[in-house]
Amino acid sequence: ALPSPPHLAAGPRRPAAAAIHRDWALRVAAPTRLASVFEEDKRGLGGAEEAGGSSAGFNPGAPPPFGLAEIRAAIPKHCWVKDPWRSMSYVLRDVLVVLGLAAAAARADSWLVWPLYWAAQGTMFWALFVLGHDCGHGSFSSNPKLNSVVGHILHSSILVPYNGWRISHRTHHQNHGHVEKDESWHPLPQRLYNSLDNMTKKLRFSMPFPMLAFPLYLFARSPGKEGSHFNPNSDLFQPNEKKDVLTSTASWLAMIGVLAGLTFVMGPLKILKLYAIPYVIFVMWLDFVTYLHHHGHEDKVPWYRGKGMELSARRIDNT
């Protein structure tokens, strides 16, 4: 890890309450200069010009002037309470909206309605994914069994292997932005990028293909990595996680069976309009939001990714 900046390493940290009271929103959103928090206390928000010339501009490669402890302290206590009844109410609401949209679109069966349905239903599939994502993080409830059951139902319904993705997503958070250890959306070293064939480069880095990458990632992971979210023997997983992966893969296959049965009964065109196209919209939402979460300010590299790239560059230089 990179050493802490001098103004963060020395001296006592500013009380979180003071940061919350005055300028936390400004510094998180778009700080004009990553100055010492102690300097800010001395001169105030508007004193940058008086203290030493013009602002140097926001540097996304520098660590933020606050820590996780301050962020946690800024969050009201009631936000940490996991209310399973409230969580389940969101599930019920979203499922009813999904079913209602599908029923209304099937009944109308009009080409004036279908585009509106696809946009709305694709967004609702994304809502189901977010709820399953919270189950995977354990923030849905304090009951692991409830999280697992709800997560499997929600994610399997939109063709996501719950445990397979949950485990790889955990790895992603534990190694966020690390060139070698991050699981997804990690920056590629120049050497690895140059080794990719032209088709892989185009599909990964040329719009709109990256917005449709999620299903491919589930089956084949990212460039430079091997394995699958469906294979319990993949190096994504520990030996004690194989049963979990098998359970999720079986649930995924069960959903494939449901879709196959509905296609036989209703016809492929109806399933294409009711499910397949909204699924594509959902994938675009997922990849688009993930891209925004991991992209630097004005094409620059954020500090947590710069750290990984710097470490990788050192290793390459030493080989």
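The values are calculated or read from the model by the stated rules, or taken from the named source; none is laboratory data. No experiment lies behind these values; they were computed from the predicted model shown. When we count neighbours, we look across all protein chains shown, and the Cβ atoms used for this are built from the backbone with ideal geometry, even at glycine. Only protein heavy atoms, including side chains, enter the accessible area calculation; ligands, DNA and RNA are left aside. Shrake-Rupley method; radii C 1.70, N 1.55, O 1.52, S 1.80 Å.
Filtering GLY164, GLY122, GLY138 for residues that are over 23 Å from MET211 (Cβ atoms) and either free of Cβ contacts under 8 Å to residues at least 60 places away in the same chain or not hydrophobic (A, V, I, L, M, F, W, C) (or both) leaves a single hit, GLY138. For segment 113-162, residues that are closer than 21 Å to ALA102 by Cα and touching a Gly at 6+ places or on another chain (Cβ under 6 Å) total 3. For segment 196-212, filtering for residues that are polar (S, T, N, Q), within 19 Å of THR290 (Cα to Cα) and open to solvent by 70 Å² or more (accessible area, probe 1.4 Å) leaves 0. Screening ASP244 with (1) surrounded by 14 or more Cβ atoms within 10 Å (Cβ to Cβ); (2) modelled with pLDDT under 90 gives one miss only, at (2). Here are ALA69, ALA56, ALA105, ALA62: which of them is of a type in the set (A, V, I, L, M), at pLDDT 50 or above and in contact with a Leu (Cβ under 6 Å, 6 or more places away or on another chain)? Answer to the selection: ALA62. Among (1) farther than 19 Å from HIS169 by Cβ; (2) open to solvent by less than 50 Å² (accessible area, probe 1.4 Å), where does TRP80 come up short? Going through (1) farther than 19 Å from HIS169 by Cβ; (2) open to solvent by less than 50 Å² (accessible area, probe 1.4 Å) one by one, TRP80 breaks only (2). Which ones in segment 86-127 are over 26 Å from the mean Cα position of the chain (by Cα), open to solvent by less than 60 Å² (accessible area, probe 1.4 Å) and of a type outside the set (A, V, I, L, M)? Selection gives GLY100, SER110, TRP114. If you go through segment 262-319 and keep only what is surrounded by fewer than 17 Cβ atoms within 10 Å (Cβ to Cβ), modelled with pLDDT under 50, assigned to a helix (DSSP H, G or I) and not hydrophobic (A, V, I, L, M, F, W, C), you end up with GLU310, ARG314, ARG315, ASP317.
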